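The values are calculated or read from the model by the stated rules, or taken from the named source; none is laboratory data. Keep in mind the model is a prediction, meaning the values are calculated, not measured. Reconstructed Cβ throughout: ideal geometry from the backbone, glycine too, with neighbour counts over all protein chains shown. Each accessible area value is taken on the protein alone, full model and side chains, heavy atoms only, with ligands, DNA and RNA left out. Shrake-Rupley method; radii C 1.70, N 1.55, O 1.52, S 1.80 Å.
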Amino acid sequence: MRTMGRWLVMLVLALLPAWAAAEDGAELWLRYRPLSQAARSQLQRRAAAIVAPAPASPTVLAAVAELQRGVAGLAGREPALSQKIASGALLLATPASRPELGPQLQELGAEGWLLRSTRLQGREVTLIAANTDIGLLYGSFAWLRAAQTGADLARLDLHSAPRIALRLLNHWDNLDRTVERGYAGQSLWDWWKLPDIRDARYVDYARANASLGLNGTVLNNVNAKAESLTAPFLAKAAALADVFRPWGIKVWLSARFSAPVELGGLKTADPLDPAVRAWWRAKADEIYRVIPDFGGFLVKANSEGQPGPQDYGRSHADGANMLADAVAPHGGAVLWRAFVYAHENVDDRAKQAFAEFQPLDGQFAANVIVQVKNGPIDFQPREPFHPLFGAMPKTPLALELQITKEYLGFSTHLAYLGPLFEEVLQADTGRAGTVARSVRAIAGVANIGTDRNWCGSQFDQANWYAFGRMAWDPDLGARAVAQDWAAQTFTTRPAARDAIVELMLMSREAVVDYMTPLGLHHLMGTGHHHGPAPWVDNLERPDWNPTYYHRADRGGIGFDRSPTGSNAVAQYAPPLARLWADPRTTPSELLLWFHHLPWNYAMPSGRTLWAELIAHYDRGVAAVADMRRRWAMLQPDVDAARHAEVAAYLAVQEREARWWRDACIAYFQSVSGLPLPEGVRPPEHELSFYKALRFGFAPGRGG
Ligand code: BDP
């Protein structure tokens with residue numbers, strides 16, 4: 001008995017590493033674990049063989065390989081590639097291979113797909129059809145998703161096409177492999193070893209993006225180094241482009257505006273100077289020689305110290321148009337960022353991008369897209385949508401979202417961003433429909449790095465996933481996306497899947513509550529942005545100070561952006577401007593964004609503003625405690641390794657949520673001079689304790 005016990009222990013120990021390694025999150029949502037017995041048999045019948053157009057392009061080969069890999073994992077049997085239509089075939093077809101399909105596919109455009117269980121030549125087949133090979137790849141991933149999430153594969157009739165043409169990740173990756181605002185290890189791009197050494201993860205990165213329908217990636221930080229445009233780095237970027245090409249992902253680069261001076265030895269980077277224009281044209285020609293399908297440039301200019309056209313008395317349009325001219329002959333585009341605010345400008349920072357860019361509407365070249373952050377300040381846990389959306393009808397715009405959670409607890413806090421993305425995408429601009437309807441492109445600042453789980457935590461994968469799915473279809477909704485992700489990543493058992501989804505859906509509001517409730521914003525620590533620091537008032541620029549944003553004093557709290565204050569409300573469409581001009585008609589989520597109100601202001605709940613603020617902080621902390629309880633109950637449904645890992649992260653989150661609550665209450669009380677409402681737990685420490693905390697080596701500062 002004793003020997004047997006020892007033998008068993010040894011066996012378990014021997015198997016443990018392999019098993020643990022199998023569930024460390026490295027496979028993302030493309031895990032393809034065996035389905036239930038019944039689902040496996042159905043899948044074997046429905047995917048007995050794959051019939052693909054011949055000769056197969058690299059993209060079709062990628063689709064076939066993914067289908068084979070997926071079915072092998074899910075059903076335990078790899079379908080063979082065949083030329084014959086037999087019962088149970090997965091039939092990949094374009095109008096080029098089956099002209100009779102043409103009329104059915106017209107609506108699908110260049111990237112859309114159709115999935116249909118049907119009969120062909122008397123055989124039951126599943127049609128995966130598209131106008132192009134890349135559509136077939138997206139359709140194959142959609143079919144695999146249907147199989148993974150438990151759809152009835154015998155009755156499939158789905159079609160989909162993307163609403164937004166350009167769907168990009170923006171990597172804030174530096175050439176030394178540090179990542180600005182990265183919380184998932186180093187940059188994936190091993191610039192030193194490229195172009196010769198191509199890490200196997202580059203393919204997995206491309207697979208993951210293609211599975212979501214993303215079609216472009218900006219490889220380097222918007223705070224760009226000129227060196228990224230030199231021949232050696234272009235060769236490295238070209239190697240990545242070669243890997244990504246079959247997966248429909250185009251490479252873009254951030255360009256430093258002063259590169260003609262730094263690399264070309266010119267005296268100026270003035271966009272109207274003929275030598276500068278010639279330099280950029282030659283540079284574009286050089287890039288397209290090595291990356292024929294290069295997407296174009298992303299530019300951060302005259303923003304936070306970056307060079308730009310204003311250094312030469314020229315406008316953003318002059319700068320953007322010069323670069324647009326250079327890439328136009330090759331079919332390229334320029335993404336020109338509107339994230340600008342100036343030292344010298346004493347006006348409300350929230351107004352500055354609109355003030356600079358809106359008057360330029362109509363002056364940009366046709367291949368310029370102005371890239372606008374979701375809100376007017378900077379990726380806060382909650383902001384109103386940016387007033388530029390809908391306000392530049394003659395200029396294509398891109399919506400920039402941040403997937404890496406610089407302001408929502410890095411990768412240690414569980415905050416599912418689907419609800420934030422949905423809130424922005426569905427916001428009605430009052431001018432051109434929703435934000436989603438008003439944009440041509442969408443960009444997500446990536447949260448990807450060398451961590452085994454790619455994103456720094458298991459649940460942060462959901463934010464990459466949600467960004468991609470919602471970029472393809474902004475109307476999908478955060479819940480539906482979370483359902484798919486949880487099923488693909490954790491479990492298809494409905495009760496457990498739904499419990500995970502509920503936990504995800506409550507998480508973002510929890511962060512808002514314990515960090516910046518009621519429209520507060522920008523209260524985080526200096527530089528690294530970790531933790532609370534609402535007391536900071538001594539930075540070189542006033543609009544970097546938290547006190548600039550909350551404006552708390554003895555009399556009250558909040559930033560008056562109504563007509564009696566900065567009048568930022570006037571940048572919105574008149575009906576919204578009217579609504580947000582009055583605290584009584586401003587949603588409480590945005591109250592202190594737009595108004596400075598007395599501490600005893602009567603909230604709709606019947607509480608004073610002071611009591612309401614504290615209630616929100618408490619609600620946030622309680623929500624995280626609740627998330628921990630919910631996760632604990634999921635233990636039987638989630639593999640031990642990932643369950644324990646997430647539980648440990650949630651413990652950190654609860655501790656830090658309390659810290660945010662306590663530090664903010666301690667500080668605001670020191671300003672308001674008010675007693676804590678009855679029954680409220682006092683902060684654990686004195687204010688001085690929180691003020692003295694330092695985080696010298698916090699991640700994400702970049703090189
Ligand atoms: C801020 C980040 C900073 C970025 C900047 C930007 O703190 O690291 O460079 O945005 O978007 O949120 O350019």
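Give the lysines reachable from LYS283 as a straight Cα distance under 30 Å; neighbours fewer than 8 places away on the same chain don't count.
Correct list for LYS283: LYS193, LYS225, LYS236, LYS250, LYS267, LYS300, LYS373, LYS394.
Is the chain best put as rounded, prolate or oblate by its Cα gyration tensor, with a ≥ b ≥ c the root eigenvalues, rounded for a/c under 1.5, and otherwise prolate when a/b is larger than b/c, oblate when not?
In terms of gyration-tensor shape, oblate.
Counting heavy atoms of the protein chains only and a 1.4 Å probe, report the per residue accessible area for the chain as a whole number of Å².
38 Å²
Around GLN68, with a cut-off of 15 angstrom between Cβ atoms, what is the net charge of the other residues, counting Lys and Arg +1 and Asp and Glu -1?
With Lys, Arg at +1 and Asp, Glu at -1, the net is +2.
Work out the charge dipole of the chain with +1 on the Cβ of Lys and Arg and -1 on the Cβ of Asp and Glu about the Cα centre, then indicate which of ALA487, ALA355, TYR514 is farthest towards its positive end.
After comparing all options, I get ALA487.
Compute the signed sum of charges (Lys and Arg +1, Asp and Glu -1) over the other residues within less than 11 Å, Cβ to Cβ, of ALA161.
Around ALA161, the surrounding residues sum to -2.
Run the numbers on the chain and let me know its relative contact order in percent, using alpha-carbon pairs under 8 Å that are six or more apart.
11 percent.
Quote the charge dipole size of the range 77-151 about the Cα centre in Debye, to the nearest 20; the model charges only the Cβ of Lys and Arg (+1) and of Asp and Glu (-1).
It comes to approximately 300 debye.
Taking the inverse of the average 1/r across all pairs of different Cα atoms in the range 218-269, what Kirkwood radius in Å do you get?
11.8 Å
Sticking with the crude label model, points 7 Å out along Cα→Cβ, report the distance from THR492 to GLN44 in nm, one decimal please.
1.5 nm
In whole percent, how big is the carbon plus sulfur part of the accessible area of the chain, probe 1.4 Å, protein atoms only?
Here carbon and sulfur together make up 55 percent of the probe-accessible area.
Just the number, please: percent antiparallel of the DSSP beta bridges in the chain, rounded to the nearest 5.
For the chain, the DSSP antiparallel bridge percentage is about 30.
For ALA602 and HIS330 in the same chain, what is the full-extension length gain: residue separation times 0.36 nm, less their Cα-Cα distance, in nm?
Taking ALA602 through HIS330 to full extension adds about 91.9 nm, to one decimal.
Roughly how much of SER87 is accessible, in Å² to the nearest 10, using a 1.4 Å probe?
Roughly 70 Å² of SER87 is accessible to a 1.4 Å probe.
Can you tell me the dipole magnitude for the range 496-548 around its Cα centre, using point charges on the Cβ only (Lys, Arg +1; Asp, Glu -1), in Debye to the nearest 20?
The calculation lands at about 100 debye.
Where does each of 311-322, 635-646 land if you order them by average Cβ count within 10 Å, highest first?
311-322, 635-646
Could you tell me the accessible area of GLU262 in Å² (1.4 Å probe, neighbours in place), rounded to the nearest ten?
Ignoring ligands and nucleic acids, GLU262 comes out at about 90 Å².
Mind listing the long-range amide H neighbours of GLY216? Cut-off is under 5 Å, sequence gap 5 or more, other chains count too, H placed in the peptide plane at 1.01 Å from N.
HN-HN under 5 Å from GLY216: ARG167, LEU169, LYS250.
Going 7 Å from the Cα of ARG629 along its beta-carbon direction, which residues of the range 414-437 have the amide nitrogen within less than 19 Å of the resulting point?
414
Taking amide H atoms as placed 1.01 Å from N in the peptide plane, list the residues 5 or more away in sequence, or in a different chain, whose amide H sits under 5 Å from that of ALA333.
GLY296, PHE297
Roll a 1.4 Å probe over the protein heavy atoms and report the accessible area of TYR649 in Å², nearest 10.
Here the residue's solvent-accessible area equals roughly 70 Å².
Apply the Karplus parameterisation 6.51 cos²θ - 1.76 cosθ + 1.60, with θ equal to phi minus 60°, to every residue of the range 364-377 and state each ³J(HN,Hα) to the nearest whole Hz, in sequence, with x for glycine and proline.
Per-residue couplings from phi come out as 8, 4, 5, 9, 9, 10, 8, 9, 10, 5, 4, x, x, 9 Hz.
Sort THR429, THR118 by heavy-atom solvent-accessible area, probe 1.4 angstrom, most to least.
THR118, THR429
As I understand it, the dipole of the chain uses +1 on the Cβ of Lys and Arg and -1 on the Cβ of Asp and Glu, about the Cα centre. Which of SER87, PRO474, THR149 lies farthest toward its positive end?
Towards the positive end, the residue furthest out is SER87.
Using a simple charge model, +1 on the beta-carbon of Lys and Arg, -1 on the beta-carbon of Asp and Glu, nothing else, what dipole does the chain show about its Cα centre, in debye to the nearest 20?
1720 debye
Taking a ≥ b ≥ c as the square roots of the Cα gyration tensor eigenvalues, with a/c under 1.5 meaning rounded and otherwise prolate when a/b beats b/c, else oblate, which class fits the range 656-698?
prolate
Students often check this: by mean Cβ neighbours within 10 Å, which of 175-185, 690-700 ranks highest, and how do the rest follow?
Packing proxy ranking, top to bottom: 175-185, 690-700.
Could you calculate the FRET efficiency of SER688 with TRP544 from 1/(1 + (r/R0)^6), where r is the beta carbon distance between them and R0 is 22 Å, rounded to 0.05?
0.45
How charged is the neighbourhood of ARG508? Take every other residue with its Cβ under 12 Å from the Cβ of ARG508, and add Lys/Arg as +1 and Asp/Glu as -1.
Charge balance in the 12 Å sphere: -3.
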